[in-house]
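Here is the structure we will look at, set down as structure tokens.
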């Protein structure tokens, strides 16, 4: 059934995008030394802000921009506390998730059954007719293309540019980086906010393209899965893409089994699979990491930086 | 001796300072929010205070909410004392509730109350403990961050519970509503006459006191604290870190499981939608506001419960959504962080963060 396979692949790509955006953002923040466990909260607020602005203006691009801005604003709270005050990154991130869940649930109540704009499919002429790849990769909406373009760009920026070097230096050895003139705090602040922008965009992808509309808690743990994918990726954006696609593929399988009425795997098990397999993927990542014996996490991840000893 | 008591006074005054700063911060955030919603902040706070404290019914509701918060707060605080992050209390709460309900409904429905109730309580604790052993084992064996694994397991636990009461455990006489049958009365926790406050509160208070003593006065507590303050020294002294990880996570999970048991045997009396309402996450806030001190956790849990019950008053009297209280509790935690940061007094927390990350 090659036709079925192409449809599953198309849904898999669609389903991976929110996790991909959020994971790329978190990856950059972590590279600079800031762990942000608030991804889930930032995505929720981004999803709500995007949808709310969309419902008002019917302009999806403006709406996605609003989602990004909201995610960025949330990240600024985390940056102010962890980079500014040197607060515990784990506690601050968790507070951000609790805050985001509460805030979006509270502000979103009147929007639960509203309708908003949707990012329509924009098939790329020529490419869309490729067998298999055409429907999977080139008959998607703009945000999907953006996510896939962003992945190599971030990879390039982190590994091949001066800014990327400064980001990595801040995350690996903040004190040496500071001594050689890298503005560590500014870099960390900026990277954290960048992470928030992408998490907000990932959230608004959900409410404007993937499952249009607003529902309380609609991210359903995708923010946490994104953080897990960053660990799985060993902080490599290209592998984060692979992780996100794997998540997308699992989600697509759920649709496929539902649509075909297959009882091969019970639906309740299918719904648990993404979370269980994400844990399995973490086990795998740590095992292979141990076998290869290479250091992966940025050495100063989670450590506050200040000049005073 | 003098050092010890000075340390204690410093701790106490530090706690008072950071808690009052946290309160001030949260009140300020709340005031801005009320103003944005077009309500007079002072009036809103007065309504909240009245709604939470000024009637027998309100105090009863406060205790109903405080019971699970004390237990999940203790769960997070105990794990954190040895640098473990148990973010999975929500899942352990659900598994405790599910285990209790399943036991009382299907395994031992005919037992006399004297046997059924204590057994159900223990089964609830066991359910939470077993669920918490998964992240502990994964951490020991594969070095998987317990933050992520315990958190992801929350979703699995909730889906599993839903599967049960939408499917095999659904009440055949329930007119199609999702939910199990009502638990046999012998498995219900006794309540304080005239209120819904149940035995779970006594359990929470007793366990807080027990934990306070155990952490300070027993060899086990000493090991847990040393592992939290200086893991390398602990390993050097021959302490078994992996084994203690299992023990502490199991105990932590048991506390969260008891919270779930209390909710199902003391309040709801069946498994249904709305059982998992975030007590596990609020426990994180209770643990930190209580500065990881078991007795502090009790006070913090009472404060959080007052905010929640007060929030319901807002809905009744001013027509403001009661979910505003969740935002206030998050603001409390941010306020605590700000206080820690501003005092520059957080070195202990800072070094802990170094080992807790990733």
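If you check residue A:251 against the conditions, is it under 18 Å from residue A:7 (Cα atoms) and out of contact with any strand residue (DSSP E or B) (no Cβ under 6 Å at 6 or more places or on another chain)?
Yes, satisfied.
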Search result, residues across the stretch A:87-100 that are facing another protein chain (nearest Cβ under 7 Å), part of a helix (DSSP H, G or I) and under 14 Å from residue B:285 (Cα atoms): A:90, A:91, A:92, A:94, A:95, A:98, A:99
Tabulated pairs, the stretch B:317-338, first facing chain A (nearest Cβ under 7 Å), second modelled with pLDDT under 90 and not in a helix (DSSP H, G or I), C-beta under 7 angstrom, 6+ apart or interchain: B:337/A:87; B:337/A:88; B:338/A:85
Helices (runs of 4 or more DSSP H) within the stretch A:216-309 that include 2 or more residues at pLDDT below 85, more than 10 Å from every other protein chain (Cβ to nearest Cβ) and under 30 Å from residue A:48 (Cα atoms): A:237-260
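Filter the stretch A:1-20 for residues that are over 12 Å from residue A:225 (Cβ atoms) and modelled with pLDDT of 95 or more and give the result.
Correct list: A:17 only.
Identify, from the list B:306, B:286, the residue that is under 25 Å from residue B:221 (Cα atoms) and in contact with a helix residue (DSSP H, G or I) (Cβ under 9 Å, 6 or more places away or on another chain). Explain how you work it out, then say what you get.
Working: B:306 fails: under 25 Å from residue B:221 (Cα atoms).
Testing whether each residue is under 25 Å from residue B:221 (Cα atoms) and in contact with a helix residue (DSSP H, G or I) (Cβ under 9 Å, 6 or more places away or on another chain) leaves just B:286.
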Candidate set from the stretch B:112-146 (those that are more than 23 Å from the chain's Cα centre (by Cα) and away from every other protein chain (no Cβ under 14 Å)); member that is farthest from residue B:207 (Cα to Cα): B:112
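Residue by residue through the stretch A:170-184, note down the ones that are farther than 21 Å from residue A:239 by Cβ and under 23 Å from the mean Cα position of the chain (by Cα). So that I can check it myself, show each step before the final result.
The initial filter retains those residues of the stretch A:170-184 that are farther than 21 Å from residue A:239 by Cβ, namely A:170, A:173-184.
The answer is A:170, and nothing else.
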Helices (runs of 4 or more DSSP H) completely within the stretch B:16-107 that count 3 or more residues being within 21 Å of the chain's Cα centre (by Cα) and within 20 Å of residue B:278 (Cβ to Cβ): B:56-81, B:89-102
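Among B:100, B:195, which is farther than 30 Å from residue A:220 by Cα, away from chain A (no Cβ under 14 Å) and in contact (Cβ under 8 Å) with a residue 24 or more places away in the chain?
Going through B:100, B:195 in turn, just one is farther than 30 Å from residue A:220 by Cα, away from chain A (no Cβ under 14 Å) and in contact (Cβ under 8 Å) with a residue 24 or more places away in the chain: B:195.
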Residue match in the stretch A:59-69 (condition: free of Cβ contacts under 8 Å to residues at least 60 places away in the same chain, away from every other protein chain (no Cβ under 14 Å), surrounded by fewer than 22 Cβ atoms within 10 Å (Cβ to Cβ) and farther than 18 Å from residue A:202 by Cβ): yes
The listed residue being away from every other protein chain (no Cβ under 13 Å), over 22 Å from residue B:263 (Cα atoms), surrounded by 17 or more Cβ atoms within 10 Å (Cβ to Cβ) and touching a residue at least 24 places away in the same chain (Cβ under 8 Å), out of B:44, B:58: B:44
Evaluation of residue B:140 against (1) closer than 27 Å to residue A:286 by Cα; (2) touching a residue at least 12 places away in the same chain (Cβ under 8 Å); (3) surrounded by 24 or more Cβ atoms within 10 Å (Cβ to Cβ) (one fails), failing number: (3)
Counted residues, the stretch B:139-181 - those being at positive phi and modelled with pLDDT of 90 or more: 1
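Rundown of residues vs (1) at negative phi; (2) part of a helix (DSSP H, G or I); (3) touching a residue at least 12 places away in the same chain (Cβ under 8 Å); (4) crowded, with 20+ Cβ neighbours inside 10 Å, yes/no style:
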residue: A:102; (1), (2), (3), (4): yes, yes, no, yes
residue: A:108; (1), (2), (3), (4): yes, yes, yes, yes
residue: A:115; (1), (2), (3), (4): yes, no, yes, no
residue: A:125; (1), (2), (3), (4): yes, no, no, no
residue: A:128; (1), (2), (3), (4): yes, yes, no, no
residue: A:143; (1), (2), (3), (4): yes, yes, yes, yes
residue: A:148; (1), (2), (3), (4): yes, yes, yes, no
One residue from A:82, A:97 being within 20 Å of the chain's Cα centre (by Cα) and in contact (Cβ under 8 Å) with a residue 24 or more places away in the chain: A:97
Complete set of residues in the stretch B:189-203 that are part of a helix (DSSP H, G or I) and either crowded, with 21+ Cβ neighbours inside 10 Å or touching a strand residue (DSSP E or B) at 6+ places or on another chain (Cβ under 8 Å) (or both): B:199, B:200, B:201, B:203
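The values are calculated or read from the model by the stated rules, or taken from the named source; none is laboratory data. If you're wondering where the values come from, they're calculated on a predicted model, not measured in any experiment. Backbone-built Cβ (ideal geometry, glycine too); neighbour counts: all protein chains shown.
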